[in-house]
Amino acid sequence: MPEFNNKAMYKLSYGLFVCTAVQGDKKNGCIINTAVQVASDPNTISIAVNKANYTHDMIKETKTCNISVISKEAKFDLFKHFGFQSGRDVDKFSPEYPSSSYAMADNGIPYIIEGTNAYFSLNVKQEVDLGSHTLFICEPAFMTVLSDVQSCTYEFYQSDIKPKPQAVGTTPKGETVWRCTICGYEYVGEDLPDDFICPICKHGKDDFEKIIR
Ligand code: FE
């Protein structure tokens, strides 16, 4: 009999999306991999958003968001900008973020035009509490195609967009530091647990390198 193997989870395929929301003066966005068409009549799209994301709270309050579909032309910077920092700490639409990267939709929420191939404006119809995430079941109010470049899957991001981790150093005496090669987060301790997930960028142990001090 086959044994239980949770790596089966890695065989599921996902797209990647920038989910944007506006509440009052605050514009924000995060990266999600969970936008799916779940019904055709009426046309229905579900998105699951991690409750730790500030964008989650904004969607819960305002019941609306935009989904920009990330294409294979997206740069790693897009993932860093929207995925590796929180809207609680930074303004992701500050003047430093180039205005050529996004446009405003009719619903007053930005959508991303650089490294994307379509966007949807969604209105939340139902919510389901799933523990770590809230599932928002949405009706598209608008949708359009922005480019014919293929969509970026999670697999393509892992193989072609994410920088390759650097070699791991040798074990030092004394303090050992493991640094996330993706975002720079540092973990202090001799052993990094196998199931460790970077609290900043959510990458796993394979993306950490051992640093000698
Ligand atoms: Fe990280």
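Evaluating residue 92 against the criteria (1) surrounded by fewer than 12 Cβ atoms within 10 Å (Cβ to Cβ); (2) part of a loop (DSSP other than H, G, I, E, B); (3) of a type in the set (D, E, K, R) leaves one unmet condition, (1).
Let's see how each residue does on (1) surrounded by fewer than 17 Cβ atoms within 10 Å (Cβ to Cβ); (2) of a type in the set (A, V, I, L, M, F, W, C):
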residue	(1), (2)
51	yes, no
59	no, yes
76	yes, yes
88	yes, no
96	yes, no
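Candidates in region 180-213 are the residues that are surrounded by 11 or more Cβ atoms within 10 Å (Cβ to Cβ), at pLDDT 90 or above and part of a loop (DSSP other than H, G, I, E, B); of these, the one that is nearest to the ligand (Cβ to nearest atom) is 196. Return the residues of region 10-30 that are under 17 Å from residue 116 (Cα atoms) and surrounded by fewer than 21 Cβ atoms within 10 Å (Cβ to Cβ); say none if nothing qualifies. Passing the criteria: 14, 15.
Scanning region 25-57 for residues that are under 13 Å from residue 138 (Cβ atoms), outside any strand (DSSP E or B) and among the polar types (S, T, N, Q) yields one hit, 34. Is it the case that residue 96 is over 18 Å from the mean Cα position of the chain (by Cα) and over 30 Å from residue 42 (Cβ atoms)? Against the criterion (over 18 Å from the mean Cα position of the chain (by Cα) and over 30 Å from residue 42 (Cβ atoms)), residue 96 qualifies. Assess whether residue 86 counts as being more than 16 Å from the ligand (Cβ to nearest atom) and either closer than 14 Å to residue 111 by Cα or among the small types (Gly, Ala, Ser) (or both). Taking the combined requirement at face value, the residue does not satisfy it. Every condition in (1) free of Cβ contacts under 8 Å to residues at least 24 places away in the same chain; (2) polar (S, T, N, Q); (3) touching a strand residue (DSSP E or B) at 6+ places or on another chain (Cβ under 7 Å) is met by residue 66 except one, and the failing one is (1). Among residues of region 180-194 that are more than 26 Å from residue 77 (Cβ to Cβ), those with a Cβ under 7 angstrom from a residue that is in a strand (DSSP E or B) and more than 10 Å from the ligand (Cβ to nearest atom), sequence gap 6+ or separate chain, pair up as 188/177; 192/178. As a summary of the residue check, residue 125 satisfies the conditions (1) surrounded by 15 or more Cβ atoms within 10 Å (Cβ to Cβ); (2) over 27 Å from residue 201 (Cβ atoms); (3) of a type in the set (Lys, Arg) except for the one numbered (1). If we scan region 42-56, do we find a residue that is touching a strand residue (DSSP E or B) at 6+ places or on another chain (Cβ under 7 Å), away from the ligand (no atom under 16 Å from the Cβ), more than 17 Å from residue 122 (Cβ to Cβ) and in contact (Cβ under 8 Å) with a residue 60 or more places away in the chain? Among the residues of region 42-56, at least one is touching a strand residue (DSSP E or B) at 6+ places or on another chain (Cβ under 7 Å), away from the ligand (no atom under 16 Å from the Cβ), more than 17 Å from residue 122 (Cβ to Cβ) and in contact (Cβ under 8 Å) with a residue 60 or more places away in the chain, which makes the answer yes. When 80, 60 are screened for being touching a Ser or Thr at 6+ places or on another chain (Cβ under 7 Å) and part of a helix (DSSP H, G or I), only 60 passes.
The values are calculated or read from the model by the stated rules, or taken from the named source; none is laboratory data. All values reported here derive from a predicted model rather than from experimental measurement. So basically every Cβ, Gly included, is an ideal-geometry build from the backbone, and we count neighbours across all protein chains shown.
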